[in-house]
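Engineer: Quick one: the structure is below, and I'll ask about it shortly.
Just so it is clear, none of the values below were taken in a lab; they were calculated from the coordinates. What you see is a predicted model, and the numbers here were worked out from it, not measured in a lab. Reconstructed Cβ throughout: ideal geometry from the backbone, glycine too, with neighbour counts over all protein chains shown.
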Amino acid sequence: MSVLILCYHTINKNGKITPEIFEENLLSLKKKNYSSATLDDIFNYITGKKELPERTVHLTFDDGYRDNYSEAFPILKNFNFKATVFLITSRVGMLGHLHWQQIKEMESSGIFSFESHSHTHPRHSTTQPTKEELVNDLLVSKKIIKENLKKETKHFCYPYGEYDNLYVSALKEAGFLTGLTLNIGLNSVGQNPYLLKRVEVRNPKTWLENRLRIYSKPFISNIYEKIYRKI
Ligand SMILES: [Zn+2]
């Protein structure tokens, strides 16, 4: 079996993923009998410490947009799927971004968990930071989340999906267990936890339903991933 991690950003009626598409996505997952797991569960599964159901999914939202509260949260309450929002900690409370009161309400619902998407959201390939700079940025985001949510963040999502060995070693040093990329595919036992794969959901409404024909079958998904990487 393998775990599917989906990636979303904003959910709004003027964006690529509207509330209607989002709800349709969740219905498609339900129809295909997907179970939900937290990122902790997924870490334990890929490191061989936990079994998960045949079809498991986790939803992720990058950047911490305010419509994750106003649009995605009410819809998700009707489904039993776990989700993670990756916060850019310097942007919390800024225009269009979640503020701490909303974040606390979402976290206490048991649906959402909040993890780090860095403090400043740098473009790794062009800023060429030192390891020390990366570790500092990671620790600042960790500290801010801890101060506000009284929890230790363990999961990280690479800004723009950009990473290299330096970033991975900085994550380890800052005490993170996982790193989520934008490399497409499923996650199986033995997968490097610092290179978790995700599928970024697109429109139209039927996009995910069609893709689930591939992603619900690990064997077909592996072939698809290899072809996709070449084009
Ligand atoms: Zn981002």
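Engineer: List the residues whose amide H sits under 5 Å from the amide H of Ser35, counting only those 5 or more places along or on another chain, with H placed 1.01 Å from N in the peptide plane.
Structural biologist: Residues meeting the amide H criterion: Arg55, Thr56, Val57.
Engineer: Over the range 143-197, what is the mean sequence separation of C-alpha contacts under 8 Å (at least six apart), divided by residue count, expressed as relative contact order in percent?
Structural biologist: Reported as a whole number, the value is 31 percent.
Engineer: For Arg229, project a label point 7 Å along Cα to C-beta. Then give me every residue of the range 178-192 with its amide nitrogen under 14 Å of that point.
Structural biologist: Within reach of a label on Arg229: 182-188, 191-192.
Engineer: For a quick check: sort His117, His124 by the number of other beta carbons within 10 angstrom, fewest at the front.
Structural biologist: In order of increasing Cβ crowding within 10 Å: His124, His117.
Engineer: With contacts defined as alpha carbon pairs under 8 Å and 6 or more residues apart, what's the relative contact order of the range 47-120 in percent?
Structural biologist: About 35 percent, as a whole number.
Engineer: Related question: Take every DSSP beta bridge whose two residues both sit in the chain, then give the antiparallel share in percent to the nearest 5.
Structural biologist: 5
Engineer: Out of residues 5 or more away from His9 or on other chains, whose amide H comes under 5 Å of its own, with H placed 1.01 Å from N in the peptide plane?
Structural biologist: Asp62
Engineer: May I have the convex hull volume per residue, in Å³, for the Cα set of the chain?
Structural biologist: 125
Engineer: Points 7 angstrom from Cα along the Cβ direction at Leu182 and Ile75: gap in nanometres?
Structural biologist: Reported label-point gap for Leu182 and Ile75 is 2.0 nm.
Engineer: To continue, here is another question. Express the relative contact order of the range 2-230 as a whole percentage, based on alpha carbon pairs under 8 Å and six or more residues apart in sequence.
Structural biologist: 23
Engineer: Among Lys143, Lys13, Lys172, which one shows the biggest mean-square fluctuation in a GNM of the chain, springs joining Cα atoms closer than 10 Å?
Structural biologist: Among Lys143, Lys13, Lys172, the largest GNM mean-square fluctuation belongs to Lys13.
Engineer: Local charge sum around Leu39 (other residues, Cβ-Cβ under 9 Å, Lys/Arg +1, Asp/Glu -1)?
Structural biologist: It works out to a net charge of -1.
Engineer: Here's another thing I want to ask about it. How about the range 92-133: which trypsin sites (Lys or Arg not before Pro) there lie in a loop by DSSP and see at most 16 other Cβ atoms within 10 Å?
Structural biologist: In loop regions of the range 92-133 (DSSP not H, G, I, E or B), the sparsely surrounded trypsin sites (Lys or Arg not before Pro) are Arg123.
Engineer: Let me ask something else about it. Take every Cα-Cα pair in the range 1-104 and report what % of them are more than 15 Å apart.
Structural biologist: Counting every Cα pair in the range 1-104, those more than 15 Å apart make up 63 percent.
Engineer: Can you tell me the FRET efficiency between Thr47 and Gln128 if r is taken as the Cβ-Cβ distance and R0 is 25 Å, rounded to the nearest 0.05?
Structural biologist: 0.20
Engineer: Highest mean first, what order results for 221-229, 176-184 on Cβ atoms within 10 Å?
Structural biologist: 176-184, 221-229
Engineer: Moving on to the next point. After finding the eigenvalues of the alpha carbon gyration tensor for the range 175-231, what semi-axes result from the square roots of 5 times each, listed largest first in whole Å?
Structural biologist: In descending order the semi-axes read 21, 14, 11 Å.
Engineer: Let me ask something else. Over 29 Å between C-alpha atoms is what I'm after, so list which of Lys146/Lys197; Lys77/Lys131; Lys31/Lys146; Lys32/Lys146; Lys13/Lys131 land there.
Structural biologist: The answer is Lys77/Lys131; Lys31/Lys146; Lys32/Lys146; Lys13/Lys131.
Engineer: Let me ask something additional. With label points built 7 Å along Cα→Cβ from the Cα atoms of Ser108 and Lys13, find their separation and express it in nm.
Structural biologist: A separation of 3.0 nm, rounded to one decimal place.
Engineer: Separate question: List the GluC sites (Glu not before Pro) in the range 110-195 that DSSP assigns to loop (not H, G, I, E or B) and whose Cβ has at most 14 other Cβ atoms within 10 Å. Which are they?
Structural biologist: Hits after loop and neighbour filter: Glu152.
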